[in-house]
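Worksheet: one structure, shown below.
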Amino acid sequence: MPKFLIVIILFLAITLIIFSFSELQRVVLTLQQADFWFVLLAVIVEAGWAFILGSIFHSLYSLLGMKEGKRRLTLLGLASTFLGVVTSTAVGGLAMFLADGRKRGHPSGKVTVAGALYLLLDYAAFFCLLAVGIVVLIRRNNLGPGEISASLILLAVAVALGAILYLAYKSPVALGHGLAGAARLINRLVRPFIHREYLSEARAHEFAGEVSGGLGSLPEKPRTLLIPFLLALLNKILLAVILMLCFLAFEVPFTAGTIVGGFAITYLSSSSLQLRLALGSWKVSCPLPCALCASTSARL
């Protein structure tokens, strides 16, 4: 992992601790009232979640013809997740994978495809639990417009991401023109501040070809993505199990519907908040232009 990314992660971690010190104190006081064994079991399940996270990336890398160790991908996945939580964007995490891939000799297009596929599978797995959660809320007459709008936003993002990947697979030239147009717009916006071209239009066309080549290296049968999808679904279930263990640790009464519905809505609220914050950084409307920015940064 590049040293500058390690420095950024450490700086963000220290900043988070400093500004959240009072909250951390309340967390410690709260944990002292919990059942130690249930908390320990939750930590073990969390470790299993991290292992499966690395397995998902390892599976996607293998499908794309890239050889990488599961341990390294697990650490990269955890660092990327932490960076995404702190910064509320996926660009920093993608830049981390791109920089590491460049160092290890992996094509940036394939690494970008792996990241996009992970997001797509993660959304698909979450929608499975969200469907159950919505049924629970409907039965309890607790489904409001906020939950519906957030679900539609997340669904729109997933569909847009899938459409862009399909476009890259079918017509890399059209994708290249779209990325070049986005690069021109970004250059126009940042030129008054940096007085130079930030993104290369030629690099945009080259990057579109790399992404298309990465998608072309996938096996033609869609069922090859079944294993990473099942792993992503298992990871979502493990997060719900951790929530259940927290209820048990504090002896709070619950039902299965409470766990599934509570997890689905909490995760949905967190995701939709990150999406709204990321609109200003083009995460939603232009995910591949952001990947182009990340790819350019990784080359510096």
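The values are calculated or read from the model by the stated rules, or taken from the named source; none is laboratory data. These numbers were taken from a predicted model, which means no experiment stands behind them. Here the Cβ is made from the backbone with ideal geometry for all residues, glycine too, and neighbour counts use every protein chain on show.
Please go through region 184-205 and pick out each residue that is within 16 Å of G109 (Cβ to Cβ), in contact (Cβ under 8 Å) with a residue 40 or more places away in the chain and either in a helix (DSSP H, G or I) or in contact with a Cys (Cβ under 6 Å, 6 or more places away or on another chain) (or both). Correct list: R203, A204. Here the condition is being modelled with pLDDT under 75, part of a helix (DSSP H, G or I), closer than 16 Å to A264 by Cβ and under 22 Å from the mean Cα position of the chain (by Cα); of E147, E210, it holds for E147 alone.
One line per residue, one yes/no per condition, for (1) more than 17 Å from D100 (Cα to Cα); (2) surrounded by 15 or more Cβ atoms within 10 Å (Cβ to Cβ):
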| site | (1), (2) |
| --- | --- |
| V39 | yes, yes |
| V43 | yes, no |
| I52 | yes, yes |
| S55 | yes, yes |
| L60 | no, yes |
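Within region 102-124, is there a residue that is at pLDDT 80 or above, aromatic (F, W, Y) and under 19 Å from F263 (Cβ atoms)? Checked region 102-124: at least one residue is at pLDDT 80 or above, aromatic (F, W, Y) and under 19 Å from F263 (Cβ atoms). Restricting attention to region 92-117, the residues that are under 18 Å from A168 (Cα atoms) and outside any helix (DSSP H, G or I) add up to 1.
Mind checking whether some residue in region 146-156 is touching a helix residue (DSSP H, G or I) at 6+ places or on another chain (Cβ under 9 Å) and within 20 Å of V111 (Cα to Cα)?
Step one: of region 146-156, the residues touching a helix residue (DSSP H, G or I) at 6+ places or on another chain (Cβ under 9 Å) are 146-151, 153-155.
Narrowing further to those that are within 20 Å of V111 (Cα to Cα): none.
Looking for residues that are touching a helix residue (DSSP H, G or I) at 6+ places or on another chain (Cβ under 9 Å) and within 20 Å of V111 (Cα to Cα), one finds none in region 146-156, hence no.
Cβ contacts < 6 Å: first residue free of Cβ contacts under 8 Å to residues at least 40 places away in the same chain, restricted to region 127-147; second residue part of a helix (DSSP H, G or I) and aliphatic (A, V, I, L, M), any location; separation 6+ or different chain. Result? Matching pairs, first to second residue: L143/L137.
A quick yes/no check of all residues on (1) within 23 Å of G214 (Cα to Cα); (2) in contact (Cβ under 8 Å) with a residue 12 or more places away in the chain; (3) not polar (S, T, N, Q):
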site	(1), (2), (3)
W49	no, yes, yes
S59	yes, yes, no
G65	yes, yes, yes
L78	no, yes, yes
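Yes or no, residue by residue, for (1) among the acidic types (D, E); (2) within 23 Å of the chain's Cα centre (by Cα); (3) on the phi > 0 side of the Ramachandran plot; (4) modelled with pLDDT under 85:
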site	(1), (2), (3), (4)
L226	no, yes, no, no
L231	no, yes, no, no
I237	no, yes, no, no
G257	no, no, no, yes
G261	no, yes, no, yes
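Collect the residues in region 31-45 that are assigned to a loop (DSSP other than H, G, I, E, B) and not aliphatic (A, V, I, L, M), keeping them in residue-number order.
If we filter region 31-45 for residues that are assigned to a loop (DSSP other than H, G, I, E, B), which is where we start, we get 32-35.
Scanning region 31-45 gives Q32, Q33, D35.
Evaluating G261 against the criteria (1) touching a Lys or Arg at 6+ places or on another chain (Cβ under 9 Å); (2) farther than 17 Å from F127 by Cα; (3) part of a helix (DSSP H, G or I) leaves one unmet condition, (2).
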